[in-house]
1. Being buried (at least 19 other Cβ atoms within 10 Å of the Cβ) and in a loop (DSSP other than H, G, I, E, B) is the filter; apply it to the stretch 1-10 and report the residue that is nearest to the ligand (Cβ to nearest atom).
2. Answer yes or no: is there a residue in the stretch 91-104 that is away from the ligand (no atom under 15 Å from the Cβ), hydrophobic (A, V, I, L, M, F, W, C) and either surrounded by fewer than 23 Cβ atoms within 10 Å (Cβ to Cβ) or at pLDDT 95 or above (or both).
3. Out of the residues in the stretch 11-46 that are of a type in the set (Asp, Glu) and within 25 Å of HIS62 (Cα to Cα), state the one that is surrounded by the most Cβ atoms within 10 Å (Cβ to Cβ).
4. Could you tell me which of the residues ASP194, ASP201 is part of a helix (DSSP H, G or I) and either touching a residue at least 12 places away in the same chain (Cβ under 8 Å) or closer than 23 Å to ILE114 by Cβ (or both)?
5. Can you tell me which residue in the stretch 13-47 is farthest from the ligand (Cβ to nearest atom), limited to those that are in contact (Cβ under 8 Å) with a residue 40 or more places away in the chain and in a loop (DSSP other than H, G, I, E, B)?
6. Considering only the stretch 205-215, I want to know if a residue exists there that is out of contact with any Gly (no Cβ under 7 Å at 6 or more places or on another chain), in contact (Cβ under 8 Å) with a residue 12 or more places away in the chain, surrounded by 20 or more Cβ atoms within 10 Å (Cβ to Cβ) and not in a helix (DSSP H, G or I).
7. Taking the stretch 52-68, which residues are under 16 Å from TYR250 (Cβ atoms), of a type outside the set (A, V, I, L, M, F, W, C) and touching a Phe, Trp or Tyr at 6+ places or on another chain (Cβ under 8 Å)?
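The values are calculated or read from the model by the stated rules, or taken from the named source; none is laboratory data. Quick caveat: nothing in here was measured; it's all calculated off a predicted structure. Here the Cβ is made from the backbone with ideal geometry for all residues, glycine too, and neighbour counts use every protein chain on show.
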Amino acid sequence: MLIDSHAHTTDTKFDTDRNEVLNRAFANGLEYIIEVGCEPPFWDKVAELSKNEKIYSMFGLHPQDADKFNDELFDKLKTLLNDKKCVAVGEIGLDYHYENYDGKLQKEVFIKQINLALEINKPICVHCRDAYDDMVEIFKSFTGLPKGVIHCFSGSFEQAKVVLDMGFLIGIDGPSTYPKSNKLTKVIENVPLDKILVETDCPYLAPQKYRGTRNEPAYVVEVAKKIAEVKNVSFEEVCETTFANTLKLYNIK
Ligand code: NI
C-alpha cells in the first residue's frame with residue numbers, strides 16, 4: 001500500500017508516455033495517485049485523468065497564478081471541486097520566491113480559497129515557498145481552519161511544529177533524499193509518522209537516485225525508503241501509515 005499524494009502527471013513533460021508512467025507507478029505498488037490541478041489551463045485535463053479509478057484529483061489556483069483570479073474562474077473552480085473524485089482544494093498558498101511577486105494579491109486569493117474549502121468542507125493542500133511567516137499569520141487569522149497538508153515541506157522542525165499544532169500534516173518529497181538534507185532529516189526524525197504524507201510533486205524534484213531526470217509517481221518509493229531509514233522503521237510501515245494518513249485526510253473510502 002503506497003500512494004503518491006501529490007503529482008502533476010498532466011504536465012506536458014508526460015505527453016509522450018503518460019500511460020506508461022502511470023502503469024509503472026501501479027506496477028511498483030502504488031495503489032492511488034492524487035493528481036493536482038492548480039493551473040486553470042490544466043484543470044479539465046486533470047478532471048479527465050481522474051476518471052481512472054486509481055486517480056483522485058484536487059483543484060485550486062496556484063499562488064504564481066494569483067493574477068489570473070476572476071469571478072468566472074472562481075465559479076469554474078467551484079464546479080470542479082464538486083467532482084466526486086476531487087478530494088481537496090489545492091495547491092493553494094504563497095510563493096515569494098521569484099521577483100515581482102504580488103504578495104498582497106497572493107494573500108487575498110489564498111484566503112478566498114481557504115474560505116471556499118471551509119464552505120464546501122474539503123481539506124486544503126498548501127504550497128508555501130519563502131513565505132512561511134505570512135502563511136502562519138493567515139492561519140492565525142482564522143478561528144477555524146480546514147484540515148490540510150503543508151505540501152513539499154522545506155522548513156525547519158520548529159516551523160513544522162507550529163503548523164502541526166494547527167492540525168496540519170507535513171508532505172515529504174524527493175529533496176529529503178539529497179545529501180544536503182540535514183534540515184529535512186530533522187523534520188522526518190521528529191514529526192510523528194502519522195502526521196506525514198509522501199509525495200513526488202513530479203515532474204519536478206526527482207529523488208537523489210534519479211536526480212536531474214524527470215520525476216514520476218513510481219519514485220515515491222525512494223521517499224518512503226528515506227523516511228524508513230531516518231525513523232528506523234520498516235519500509236512497509238512507512239508505506240502503510242502514510243497511505244492511511246492520506247486516505248484519512250482526504251476522506252477516501
Ligand atoms: Ni505541486
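1. Going through the stretch 1-10, the residues buried (at least 19 other Cβ atoms within 10 Å of the Cβ) turn out to be 2-10.
From the residues that got through so far, the ones that are in a loop (DSSP other than H, G, I, E, B) too are 8-10.
Numbers: HIS8: 6, THR9: 11, THR10: 11 Å.
Result: HIS8.
2. As a first pass, look at the stretch 91-104 and keep what is away from the ligand (no atom under 15 Å from the Cβ): 96, 98-104.
Right, trim to hydrophobic (A, V, I, L, M, F, W, C) and you get none.
The answer is no; no qualifying residue exists.
3. At the first step, the residues of the stretch 11-46 found to be of a type in the set (Asp, Glu) are 11, 15, 17, 20, 31, 35, 39, 44.
Restricting the remaining residues to those that are within 25 Å of HIS62 (Cα to Cα) gives 11, 15, 35, 39, 44.
Details: ASP11: 17, ASP15: 8, GLU35: 26, GLU39: 18, ASP44: 13.
For the stretch 11-46, the residue satisfying everything is GLU35.
4. On the way: ASP201 fails: part of a helix (DSSP H, G or I).
Sole residue among the options that is part of a helix (DSSP H, G or I) and either touching a residue at least 12 places away in the same chain (Cβ under 8 Å) or closer than 23 Å to ILE114 by Cβ (or both): ASP194.
5. GLY29
6. Kept after step one, since they are out of contact with any Gly (no Cβ under 7 Å at 6 or more places or on another chain), are these residues of the stretch 205-215: 208-214.
Now narrow it down to the ones that are in contact (Cβ under 8 Å) with a residue 12 or more places away in the chain: 208-211, 214.
Filter once more, keeping what is surrounded by 20 or more Cβ atoms within 10 Å (Cβ to Cβ): none.
Scanning the stretch 205-215 turns up no residue that is out of contact with any Gly (no Cβ under 7 Å at 6 or more places or on another chain), in contact (Cβ under 8 Å) with a residue 12 or more places away in the chain, surrounded by 20 or more Cβ atoms within 10 Å (Cβ to Cβ) and not in a helix (DSSP H, G or I).
7. Hits for the stretch 52-68 are LYS54, TYR56.
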